[in-house]
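The values are calculated or read from the model by the stated rules, or taken from the named source; none is laboratory data. The structure presented is a predicted model; accordingly, all values stated were derived computationally and were not measured. Here the Cβ is made from the backbone with ideal geometry for all residues, glycine too, and neighbour counts use every protein chain on show. We work out accessible area using only protein heavy atoms, side chains counted, and drop any ligands, DNA or RNA first. Shrake-Rupley method; radii C 1.70, N 1.55, O 1.52, S 1.80 Å.
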Amino acid sequence: MSDRRIRYTKKVLKESLLELMAVKSIGKIQIKEICDLADVNRGTFYNHYNDQFDLLRQVQDEFASEVNALQDKRLIKNMSTLEMITELLNYFAAQLPMCKILFDTNGGSELISKLMNNAYDSFLDGWRQKIKKPSERQLEMLYVFISNGAAAIIRNWVANDLKETPQEIAQFILQATNYGSSSFVS
């Protein structure tokens, strides 16, 4: 099979999986359903993937790789944290249908964790420079607190069809991260 046909086959299988995940959880999706929707036979499916979970992992890995490339761009362009968060949110907005599915509890908890783990080292390096004498445990707890809060905000923003602009969400995340609830209370 030519590279172009392989790429096309993988593309339609991924699209079919995401379409099915919009209506049911990954554990309830059968290979036959994916293949029927993609108009691909089961043998072809198994040439590329072990099962529907393997296909989902590959979709998540590709998405995470694209997000990591955006994060790497921050270092190259020396972007501020606000610019970086805004750029990530713009990417999520451009991929809204896929993000709605992948960030949903049916398929998103692993992806959100993967994205947060990939950003762990760069965030900790930045905080080591800003926080006076932090312990590694304090940095770890701070990261867990902030990353889970940011992930929940992003998940909620995507689930609610991007009611705010990426810039507004980025500013909210940064304000909540830097100043906590005191910045919202008068």
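Springs between Cα atoms under 10 Å define the GNM used for the chain, and in it the highest mean-square fluctuation of Asn50, Asn118, Asn68 occurs at Asn50. The label point for Ala22 and the one for Asn68, both projected 7 Å from the Cα toward the Cβ, are 2.9 nm apart. How far, in degrees from 0 to 90, does helix 81-94 lean away from the longest principal axis of the Cα atoms of the chain, to the nearest 10? Tilt relative to the chain: about 20 degrees. Computed from Cα positions, the angle between helix 109-130 and the longest principal axis of the chain comes to roughly 30 degrees.
For the stretch 1-150, the solvent-accessible area with a 1.4 angstrom probe is 60 square angstrom per residue. The trypsin sites (Lys or Arg not before Pro) of the stretch 79-186 meeting both criteria, a DSSP state outside H, G, I, E and B (loop) and at most 16 other C-beta atoms within 10 angstrom of the site's C-beta, are Lys132, Lys163. Here each label is just a point 7 Å from Cα along the line to Cβ, and for Glu136 and Ile76 those points are 3.2 nm apart. From the P(r) of the stretch 75-129, can you give the percent of Cα pairs sitting at distances over 20 Å? It works out to 34 percent of all Cα pairs. Take the Cα of Asp3, step 7 Å toward its Cβ, do the same at Val185, and the gap between the two points is 5.9 nm. Estimated purely from DSSP H runs of n ≥ 4, each contributing -39500 (n - 2.57), the mean residue ellipticity at 222 nm for the chain is -25000 deg cm²/dmol once divided by its residues.
Just report the Cα centroid separation between the stretch 149-183 and the stretch 1-40, whole Å. So the two Cα centres are separated by 33 Å.
Report in % the part of the accessible area of the stretch 61-186 that belongs to carbon and sulfur, leaving out ligands and nucleic acids; probe 1.4 Å.
54
What FRET efficiency would be calculated for the residue pair Asn148, Gln95, taking the C-beta separation as r and a Förster radius of 25 Å, to the nearest 0.05? For Asn148 and Gln95, the calculated efficiency is 0.70.
Each Cα pair of the stretch 1-80 feeds into the Kirkwood radius, which the Stokes-Einstein equation turns, at 20 °C and 1.002 mPa s, into a diffusion coefficient of 154 µm²/s.
Relative to the longest principal axis of the Cα atoms of the chain, the long axis of helix 136-159 makes an angle of roughly 60 degrees.
Of the chymotrypsin sites (Phe, Trp or Tyr not before Pro) found in the stretch 1-50, not one falls in a DSSP loop while having at most 12 other beta-carbon atoms within 10 Å. Neighbours of Ala64, meaning other residues whose beta-carbon lies under 11 angstrom from its beta-carbon, give a summed charge of -2 when Lys and Arg score +1 and Asp and Glu score -1. Shown for the stretch 70-186: lysine pairs separated by 8 or more places, or found on different chains, whose C-alpha atoms are under 25 Å apart, numbering 7.
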